[in-house]
1. Give the stretch 64-84 a look and list any residue that's more than 22 Å from I11 (Cα to Cα) and in contact (Cβ under 8 Å) with a residue 24 or more places away in the chain, or say none.
2. Would you mention how many residues in the stretch 16-32 are modelled with pLDDT of 70 or more and either in a helix (DSSP H, G or I) or of a type in the set (G, A, S) (or both)?
3. Residues in the stretch 43-72 that are surrounded by fewer than 14 Cβ atoms within 10 Å (Cβ to Cβ) and in contact with a strand residue (DSSP E or B) (Cβ under 7 Å, 6 or more places away or on another chain): how many?
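The values are calculated or read from the model by the stated rules, or taken from the named source; none is laboratory data. Bear in mind that the values here come from a model prediction, so they are computed numbers and not experimental data. With ideal geometry, Cβ positions are generated from the backbone for all residues, glycine too; neighbour counts draw on all protein chains shown.
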Amino acid sequence: VKAIKHVEPKISVKGIKLIKNINSKVEFEMSPDLLTKAFENILLNSIEAMERVPTKTLEVTLIDDQGKVLFEVKDTGEGIASTD
């Protein structure tokens, strides 16, 4: 949630629709500052990937699945070219 709050101004300025699916408060032992920074970087990459697309949607999901933490980010950005 903290990482999303930090990047929300950029999301708003870029006209991105934000969908938050944060179903619980997950507790685990990690540095909150380092984790927040890592999530911010992922979100900023998503924002950057949507620079040239007409429909901009960013969906963030956080769930606790039987003791496992799932953090998922989906965006409508251009994606990464295949190296095949």
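1. Selection gives D64, V69.
2. Result for the stretch 16-32: 2.
3. 2
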